[in-house]
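These notes concern the structure reproduced below.
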Amino acid sequence: MKTKPNHWKKQATSWAALLPMALIVVVGYLGTVLWTLKISVSSSRTFPTNDFVGLTQYLRLFGNDRWLLSLHNLAVYGVLFIAATMLIGFLLAVFIDQKVKGEGVLRTIFLYPYAMSFVATGLAWQWMLNPEAGIQHAVRKAGFADFRFDWIADQDMAIYTIIIATVWQASGLVMALMLAGLRGIDGEIWKSARIDGIPAWRVYVSIMLPMLGPSVATAFVLLSTAVIKLFDAVVAMTQGGPGIATEVPTKFIMDHLFGRANIALASAGSVVMLLTVLALVAPYLYARSHATGYREGA
Amino acid sequence: MSHSTAATLRIRKLPSPARIGVYAFLISAAAFFVLPLYIMLVTSVKSMEEIQLGNIFALPISFTIEPWRAAWSSACTGVACEGIRGGFLNSLAITIPSTILPILFGALNGYALSFWRPRGANLLFAVLMMGAFIPVQVMMFPLVRILAMLGLFSSLPGIVLVHLVFSMPVMTLLFRNYYASIPQELFKAARIDGGGFLRIFFQLMLPMSVPIIIVATIMQVTGVWNDYILGLVFAGRDNLPMTVQLNNVINTTTGVRLYNVNMAATILTSLAPLTIYFISGRWFVRGIAAGAVKG
């Protein structure tokens with residue numbers, strides 16, 4: 001049995017240790033979000049002002065072509081990036097799972113891009129895709145004078161180059177997660193599937209994939225956060241161009257915060273992003289909080 | 001269990017067409033994944049004349065180390081021509097404290113949350129976990145103002161503090177989950193022996209935390225080293241990390257682009273995280289899985 005003063009001392013010491021965390025939560029997270037919310041309903045330009053203009057900035061935001069294009073790009077990017085990364089990552093995991101030789105080497109190769117920064121890989125891809133110096137140039141010099149691969153300089157196609165580069169970077173991550181999931185599934189399934197004469201691909205699609213639910217969910221959340229964060233790769237590869245063809249919300253916000261001195265509009269943009277994120281992760285967090293014990297021993 | 005794969009059930013003497021297909025797929029996929037690194041490497045040791053001749057896939061005819069030297073010490077970033085050497089040192093200066101402090105605080109938080117469980121701490125932790133999902137842009141301007149008020153904006157302590165803020169959710173979660181797997185009896189025994197808060201932490205828990213500290217270190221070093229946006233905004237002109245300087249070298253150059261120097265600079269920037277990745281292997285993967293559970 002603890003005595004009362006001892007109990008208080010215990011509470012006080014542990015709270016003292018948690019003080020930095022409490023400060024970061026209250027000031028760093030809650031405080032900054034509320035502050036941004038407040039700026040987004042003001043008429044602030046370079047410096048925050050204390051007036052209240054209601055939803056004016058939000059209306060202005062959704063009347064802004066560049067913002068609308070940014071949202072459109074992010075939606076296109078998000079759907080294609082997640083779908084392609086998931087598919088390639090899953091295929092790589094399944095193929096590696098076939099008891100192949102050199103599994104370690106293959107895994108290392110598929111995952112190494114993930115260790116690099118988006119800036120570095122973006123710059124490498126930018127160069128390879130550059131029509132005057134990269135792949136197009138090389139193929140033309142090799143004798144195919146009519147060869148065209150200039151997506152990065154094409155307004156309609158540039159966004160796809162960013163998808164290619166980031167899919168290349170992130171597929172290994174999905175592979176690693178899926179492979180870990182596959183290795184955790186009971187081998188008995190294979191025996192019973194063979195007795196029933198079910199082909200291997202059907203086992204993967206109809207039995208394994210549903211059982212990989214937690215790995216799929218984890219990969220989905222990780223990739224979604226990467227989509228929302230998309231900034232470095234765009235800056236490194238296209239800087240939003242050609243023209244404004246590859247603008248994304250993060251870049252819109254950063255430009256208006258620091259380049260165009262319109263912090264209220266930028267703040268409205270970031271609040272919209274925050275709401276989008278919350279709408280996306282709320283179901284996941286809800287499911288997680290109800291799946292008791294899951295991940296407790298990670 | 002770990003050997004439960006499809007192939008165990010269909011072992012044959014000769015490779016079947018299916019086996020050949022499996023290897024064909026894996027080898028072509030591997031080629032696609034290696035290609036960019038290969039192109040970066042060969043380009044970085046070619047002369048500009050050779051690059052203009054045209055085949056980015058070809059091995060260098062005459063090998064030169066000059067682009068690497070230029071990238072390191074004389075490439076221009078728009079303002080000065082000092083290469084990205086300075087960026088390397090800045091990244092080092094940012095990464096070391098931005099790894100040690102978040103791990104220390106993460107471990108302390110996890111320890112307090114798992115064993116001391118002060119009233120209300122779980123609510124605080126839940127809010128922190130929600131914070132992991134907030135896009136950095138939402139917090140950016142207020143953080144700039146707060147740091148400016150503290151006199152820390154555009155300074156080394158400022159950028160370290162920002163990294164501490166943004167990495168706290170994941171680091172806390174990592175250690176909290178790790179400590180959740182340690183029996184409470186161990187902690188209670190230490191309490192009965194008269195151990196205080198800090199003594200149990202430093203003498204009992206930290207020495208037991210080596211595996212998770214390794215995972216956390218790998219995550220933090222690669223994460224901080226690869227960061228671009230926070231360094232760009234918060235580090236200040238004298239502390240710009242390597243990623244920012246790399247982007248400046250490549251995207252602000254006027255005139256002829258020195259692709260060989262650019263590629264050498266890109267590889268130099270990626271060298272630290274790649275080295276960690278190649279050395280740490282499975283530990284790196286553990287970090288991904290651990291980081292994945294945020295929220």
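Checked against the criterion of being of a type in the set (Phe, Trp, Tyr) and more than 23 Å from the chain's Cα centre (by Cα), the range A:79-95 has at least one qualifying residue.
The residues in the range B:42-95 that are within 13 Å of chain A (Cβ to nearest Cβ), hydroxyl-bearing (Ser, Thr, Tyr) and within 12 Å of B:Tyr259 (Cα to Cα) can be counted, and the count is 2.
Contact map, the range B:180-192: first residue closer than 16 Å to B:Pro207 by Cβ, second residue β-branched (Val, Ile, Thr), Cβ cut-off under 8 Å, separation 6 or more or different chains; pairs are B:Phe187/B:Ile200; B:Ala190/B:Ile200. Listed by position, the helices (runs of 4 or more DSSP H) contained in the range A:76-169 that have at least 1 residues being surrounded by fewer than 20 Cβ atoms within 10 Å (Cβ to Cβ) are A:103-115, A:135-141. Listed by first and then second residue, the pairs linking a residue in the range B:10-26 that is under 24 Å from A:Ile109 (Cα atoms) to a residue that is surrounded by 10 or more Cβ atoms within 10 Å (Cβ to Cβ) and modelled with pLDDT under 90, with Cβ atoms under 7 Å apart and 6 or more places separating them unless they lie on different chains, are B:Val22/A:Gln98; B:Val22/A:Val100; B:Tyr23/A:Val100; B:Leu26/A:Val100.
Residues in the range B:222-232: is at least one among the charged types (D, E, K, R), touching a residue at least 12 places away in the same chain (Cβ under 8 Å) and surrounded by 23 or more Cβ atoms within 10 Å (Cβ to Cβ)? Yes, the range B:222-232 has at least one match.
Residue-level analysis places A:Gly213 outside the set of residues that are out of contact with any strand residue (DSSP E or B) (no Cβ under 9 Å at 6 or more places or on another chain) and either within 18 Å of A:Asp65 (Cβ to Cβ) or among the β-branched types (Val, Ile, Thr) (or both). For the range A:47-75, a residue qualifies if it is more than 28 Å from A:Pro214 (Cα to Cα), of a type outside the set (Ser, Thr, Tyr), in a helix (DSSP H, G or I) and within 26 Å of the chain's Cα centre (by Cα), and the qualifying residues are A:Leu61, A:Asp65, A:Arg66, A:Trp67, A:Leu68, A:Leu69, A:Leu71, A:His72, A:Asn73.
Only one of these is assigned by TED's automatic domain parsing to the domain that holds B:Ile212 and either aromatic (Phe, Trp, Tyr) or over 29 Å from B:Ile212 (Cα atoms) (or both): B:Phe63, B:Phe33, B:Phe105, B:Phe57. Name it.
B:Phe105
Quick one: in the range A:1-46, which of the residues that are touching a residue at least 12 places away in the same chain (Cβ under 8 Å) and assigned to a loop (DSSP other than H, G, I, E, B) is nearest to B:Pro118 (Cα to Cα)? Here the answer is A:Val41. I'd like to know if the range B:157-177 contains one or more residues that are facing another protein chain (nearest Cβ under 8 Å), touching a residue at least 24 places away in the same chain (Cβ under 8 Å) and surrounded by fewer than 20 Cβ atoms within 10 Å (Cβ to Cβ). Taking every residue of the range B:157-177 in turn, at least one turns out to be facing another protein chain (nearest Cβ under 8 Å), touching a residue at least 24 places away in the same chain (Cβ under 8 Å) and surrounded by fewer than 20 Cβ atoms within 10 Å (Cβ to Cβ). Of the set (1) on the phi > 0 side of the Ramachandran plot; (2) touching a Pro at 6+ places or on another chain (Cβ under 7 Å), all apply to A:Gln239 but (2).
Please verify whether B:Met140 is within 21 Å of the chain's Cα centre (by Cα), under 30 Å from B:Pro207 (Cβ atoms), at the interface with chain A (Cβ under 7 Å from one of its Cβ atoms) and not β-branched (Val, Ile, Thr), treating the condition exactly as stated. I'd like the intermediate steps shown before the answer.
Values: within 21 Å of the chain's Cα centre (by Cα): yes; under 30 Å from B:Pro207 (Cβ atoms): no; at the interface with chain A (Cβ under 7 Å from one of its Cβ atoms): yes; not β-branched (Val, Ile, Thr): yes.
Spelling it out, it is not the case that B:Met140 is within 21 Å of the chain's Cα centre (by Cα), under 30 Å from B:Pro207 (Cβ atoms), at the interface with chain A (Cβ under 7 Å from one of its Cβ atoms) and not β-branched (Val, Ile, Thr).
The values are calculated or read from the model by the stated rules, or taken from the named source; none is laboratory data. Worth saying up front: this structure is predicted, and the values here are computed from it rather than measured. A quick note on method: Cβ atoms are made from the backbone with ideal geometry, for glycine too, and the neighbour counts reach across all protein chains shown.
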